[in-house]
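Colleague: A single structure is presented below for examination.
The values are calculated or read from the model by the stated rules, or taken from the named source; none is laboratory data. The shown structure was predicted, so the numbers you read here are calculated from the model rather than taken from an experiment. All Cβ positions, even for glycine, are placed from backbone atoms using ideal geometry, and neighbour counts span all protein chains on display.
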Amino acid sequence: MRLALTGGLIADGTGSEPTPGTVLVEGGRISAVLPPAEPVSEAEVIDATGNIVAPGFADLHSHADFSLGTSPGAESQLAQGVTTLVAGNCGWSPFPVTDLEPLRAGTAFLGAQKWSWTDLSGFAATLEPAVNLALQVGHCTLRIAAMGTAQRAPSPDELLLMQDLLRAAADQGAVGFSTGLIYAPGTYASPEEVAALVTTAAECGLLYSTHIRNEGAGLLTALDEAITAARSGGARLELSHLKAVGPSNHGLITTALEHLDQVDDVDLGWDAYPYTATNTTLTTRLPAWSLAGGALLDRLADPAERARIAEALRTDVLLSPDTVVIASLPPGRYDDCRGMSLTEIARRDGVDAAEIVLRILECHQAAVSVINHAMREEDVTAVLEHPRTAIASDGWIMDATGPGHPHPRNFGTFPRVLGHYGRDRGLFTPAEAIRRMTSLPASRLGLTDRGVIRRGAIADLVVLDPARIADKSTYDDPWQLSIGVEHVLVAGRPALTAGKPTGRRSGQVIA
Ligand SMILES: [Zn+2]
């Protein structure tokens, strides 16, 4: 099929001002970029008049590997213009798997997806996605495969096993290695353990993506841990969802950005999503020791242990119950509490916040996802304004409708940057916003034939209306697809036409 995208302004992904022209697509690639007056024959025409033609967006930070099996159509991504998802983030990947249960617990993965694989190749073979997928290997997953959820250092043999599994995944096409150093069991790893694995990752040519150990008061120390590991291992570093959380740490992000700007001996990048709330598991609120061995529910069943956890929640662990809202949970007693804050639920039950956290975890197999309104708007804006910030969602794939109160970032990240922050608040031009979603993330991944519009590049393309593009999903009413993306091509084939998914599955696993 020969396609001509005509009549639009071409934003080529480099940040250059959009120029009028025609993009010609053949055999899955861009075969020519023509001046507007040049006639095109024997091509199916996509009329882009009044619109911008851009490279498809690449989401450096997705958790789609845990939802792609049930939602391969990637509707929420196509409606945002996203054509490539980088998964395996925050220390969690669906491979290598030897024991499913701890992986299920750690990811708050509710079990809708059928599991039939052990390694990357096996997982990739089950996929037939509408968008491209690049896979990273997660440190939590590696650790579970090598040593379960024990709270201790690995033995030399266990560390070697993690490194072997990491090399095997790299051989099978992984593009990165990720850590999630707030999640059990990743949080049990010393900086030395992480550095050893980062060195192996770098030897395999992998990107090192990290959800750093502390995004609150310890932000700068945690950034330094990541930078030191990347420097000593010779790795390319991606700091995931850069932010400062918690009211007492608002403003710290400015210091962090200045600090990062001074690092000149590490290949360093970062990404962010355009929202002031995070989305994570409720168990991240608990003291790390309470999760060791995957035995949280057993500990909660023991009155003395339960009292110890409650005490820790009341005294040691930073818990702001007003700002923590239930997003999703498996069926159980607190079903009707989706969208409510911990404070509201505690008041209803006549108990304090620590007690309500434990009750909700007990009644829902500890698989509870929460939204935490923890950031300040000025801080989010400061990160977005920095020219080195790539746009990434930290989201899952969503269908058009569903249960629970998912974070709006799943539906709206990219249109919100183009619409709300770019057009409406004037943070950047469309060309610059598009650069942060295309050539910048592609360069972090080392991809040279995606993220730009030029002859020979793979024809992942998006046609969007710059006047209309907008996110519609909100915290109160999240199940709403974005608007303003008119057409999406994946490898030259229509994936979204006139705003509607075509149902074609043209995505590839990018190795
Ligand atoms: Zn994360």
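Colleague: Taking region 217-240 on its own, how many of its residues are in a loop (DSSP other than H, G, I, E, B) and within 14 Å of the ligand (Cβ to nearest atom)? Break it down stepwise before answering.
Modeller: Going through region 217-240, the residues in a loop (DSSP other than H, G, I, E, B) turn out to be 217-218, 234-235, 240.
So of that shortlist, the ones also within 14 Å of the ligand (Cβ to nearest atom) come out as 240.
Residues that pass the stated criteria total 1.
Colleague: Here's another thing I want to ask about it. Out of Val417, Val351, report the one residue that is modelled with pLDDT of 95 or more, under 16 Å from Leu481 (Cα atoms) and among the β-branched types (Val, Ile, Thr). Write out each step before concluding.
Modeller: On the way: Val351 fails: under 16 Å from Leu481 (Cα atoms).
Selected residue: Val417, the only one of Val417, Val351 that is modelled with pLDDT of 95 or more, under 16 Å from Leu481 (Cα atoms) and among the β-branched types (Val, Ile, Thr).
Colleague: If you go through region 189-236, how many residues are out of contact with any strand residue (DSSP E or B) (no Cβ under 9 Å at 6 or more places or on another chain) and among the polar types (S, T, N, Q)?
Modeller: 6
Colleague: For region 219-275: of the residues being of a type in the set (S, T, N, Q), modelled with pLDDT of 95 or more and more than 20 Å from the chain's Cα centre (by Cα), which is farthest from Pro441 (Cα to Cα)? Step through it out loud before you land on a result.
Modeller: From region 219-275, those of a type in the set (S, T, N, Q) are 221, 228, 232, 240, 248-249, 254-255, 262; that's our starting set.
Then keep just the ones that are modelled with pLDDT of 95 or more; that gives 221, 228, 232, 240, 254-255, 262.
Add one more test, that the residue is more than 20 Å from the chain's Cα centre (by Cα), and what stays is 221, 228, 232, 254-255, 262.
Working: Thr221: 25, Thr228: 22, Ser232: 23, Thr254: 22, Thr255: 24, Gln262: 21 Å.
By that ranking, first place goes to Thr221.
Colleague: Looking for something under 21 Å from Ala87 (Cα atoms) and without any contact (Cβ under 8 Å) to a residue 60 or more places away in the chain - is there at least one such residue anywhere in region 425-432?
Modeller: First, the residues of region 425-432 that are under 21 Å from Ala87 (Cα atoms): none.
Checking region 425-432: not a single residue is under 21 Å from Ala87 (Cα atoms) and without any contact (Cβ under 8 Å) to a residue 60 or more places away in the chain.
Colleague: OK, next. Just checking: which of the helices (runs of 4 or more DSSP H) contained wholly in region 324-404 hold 3 or more residues that are farther than 29 Å from Glu305 by Cα?
Modeller: On the way: elements: 342-349, 353-363, 377-385.
Result: 377-385.
Colleague: Then there's this: List, please: which pairs have Cβ atoms under 6 Å, are six or more places apart or on different chains, and start with a residue in region 227-246 that is touching a residue at least 24 places away in the same chain (Cβ under 8 Å) and of a type in the set (A, V, I, L, M) and end with one that is within 16 Å of the ligand (Cβ to nearest atom) and in a strand (DSSP E or B)?
Modeller: Ala230/Tyr208; Ala230/Leu237; Ala235/Tyr208; Leu237/Tyr208; Leu239/Trp270; Leu242/Trp270; Leu242/Ala272
Colleague: How many residues does region 202-215 contain that are within 16 Å of the ligand (Cβ to nearest atom) and either surrounded by fewer than 24 Cβ atoms within 10 Å (Cβ to Cβ) or among the aliphatic types (A, V, I, L, M) (or both)? Working first, answer last.
Modeller: So in region 202-215, the residues within 16 Å of the ligand (Cβ to nearest atom) come out as 207-215.
Pick out the ones that are also either surrounded by fewer than 24 Cβ atoms within 10 Å (Cβ to Cβ) or among the aliphatic types (A, V, I, L, M) (or both) and you get 207, 212-214.
Result for region 202-215: 4.
Colleague: Same structure again: Do you know which of the residues in region 174-190 that are hydroxyl-bearing (Ser, Thr, Tyr) and not in a strand (DSSP E or B) is nearest to the ligand (Cβ to nearest atom)?
Modeller: Kept after step one, since they are hydroxyl-bearing (Ser, Thr, Tyr), are these residues of region 174-190: 178-179, 183, 187-188, 190.
Those left that are additionally not in a strand (DSSP E or B): 183, 187-188, 190.
Working: Tyr183: 8, Thr187: 12, Tyr188: 17, Ser190: 20 Å.
That would be Tyr183.
Colleague: Looking for something out of contact with any helix residue (DSSP H, G or I) (no Cβ under 8 Å at 6 or more places or on another chain) and surrounded by 24 or more Cβ atoms within 10 Å (Cβ to Cβ) - is there at least one such residue anywhere in region 65-75? Let's see the steps before the verdict.
Modeller: Within region 65-75, the first condition is being out of contact with any helix residue (DSSP H, G or I) (no Cβ under 8 Å at 6 or more places or on another chain), and the residues that meet it are 66-73, 75.
Right, trim to surrounded by 24 or more Cβ atoms within 10 Å (Cβ to Cβ) and you get 68.
Yes.
Colleague: Taking only region 470-511 into account, find how many residues are surrounded by fewer than 22 Cβ atoms within 10 Å (Cβ to Cβ) and assigned to a strand (DSSP E or B).
Modeller: Qualifying residue count for the region: 9.
Colleague: Name the residue, out of Ala58, Ala32, that is assigned to a strand (DSSP E or B) and under 20 Å from His407 (Cα atoms).
Modeller: Working: Ala32 fails: under 20 Å from His407 (Cα atoms).
Checking each option against the conditions leaves just Ala58.
Colleague: Okay, next question. Filter region 71-91 down to the residues that are aliphatic (A, V, I, L, M) and either more than 17 Å from Ser482 (Cα to Cα) or within 16 Å of the ligand (Cβ to nearest atom) (or both) and list them by number. Walk me through it before giving the result.
Modeller: Keep residues of region 71-91 that are aliphatic (A, V, I, L, M), which gives 74, 78-79, 82, 85-87.
Scanning region 71-91 gives Leu85, Val86, Ala87.
Colleague: Does region 140-148 contain at least one residue that is surrounded by 17 or more Cβ atoms within 10 Å (Cβ to Cβ), closer than 24 Å to Trp396 by Cα and in contact with a strand residue (DSSP E or B) (Cβ under 7 Å, 6 or more places away or on another chain)?
Modeller: Scanning region 140-148, I find at least one residue that is surrounded by 17 or more Cβ atoms within 10 Å (Cβ to Cβ), closer than 24 Å to Trp396 by Cα and in contact with a strand residue (DSSP E or B) (Cβ under 7 Å, 6 or more places away or on another chain), so the answer is yes.
Colleague: Consider Gly205 carefully, then state whether it is part of a loop (DSSP other than H, G, I, E, B), over 30 Å from Val324 (Cβ atoms) and either more than 18 Å from the chain's Cα centre (by Cα) or not polar (S, T, N, Q) (or both).
Modeller: Numbers: part of a loop (DSSP other than H, G, I, E, B): yes; over 30 Å from Val324 (Cβ atoms): yes; either more than 18 Å from the chain's Cα centre (by Cα) or not polar (S, T, N, Q) (or both): yes.
In short, yes.
Colleague: Continuing with the same structure: Quick check on Thr199: is it within 16 Å of the ligand (Cβ to nearest atom), modelled with pLDDT of 95 or more and of a type outside the set (Asp, Glu)?
Modeller: Working: within 16 Å of the ligand (Cβ to nearest atom): no; modelled with pLDDT of 95 or more: yes; of a type outside the set (Asp, Glu): yes.
Spelling it out, it is not the case that Thr199 is within 16 Å of the ligand (Cβ to nearest atom), modelled with pLDDT of 95 or more and of a type outside the set (Asp, Glu).
Colleague: I would also like to ask the following. For region 242-322, please list each of the helices (runs of 4 or more DSSP H) lying entirely inside it that holds at least 3 residues being basic (Lys, Arg) and away from the ligand (no atom under 16 Å from the Cβ).
Modeller: Numbers: elements: 252-261, 296-301, 303-315.
Where helices (runs of 4 or more DSSP H) fall fully within region 242-322 and carry at least 3 residues being basic (Lys, Arg) and away from the ligand (no atom under 16 Å from the Cβ), they are 303-315.
Colleague: I'd like to know if region 41-62 contains one or more residues that are more than 16 Å from the ligand (Cβ to nearest atom), under 22 Å from Lys500 (Cβ atoms) and in contact with a Pro (Cβ under 7 Å, 6 or more places away or on another chain).
Modeller: Checked against the condition, which is being more than 16 Å from the ligand (Cβ to nearest atom), under 22 Å from Lys500 (Cβ atoms) and in contact with a Pro (Cβ under 7 Å, 6 or more places away or on another chain), region 41-62 yields at least one hit.
Colleague: Mind telling me which of the residues Leu68, Leu133, Leu127 ends up being away from the ligand (no atom under 16 Å from the Cβ), part of a loop (DSSP other than H, G, I, E, B) and under 21 Å from Gly28 (Cα atoms)? Walk me through how you get there before you give the answer.
Modeller: Values: Leu68 fails: under 21 Å from Gly28 (Cα atoms); Leu133 fails: part of a loop (DSSP other than H, G, I, E, B).
Only one candidate passes the filter, namely Leu127.
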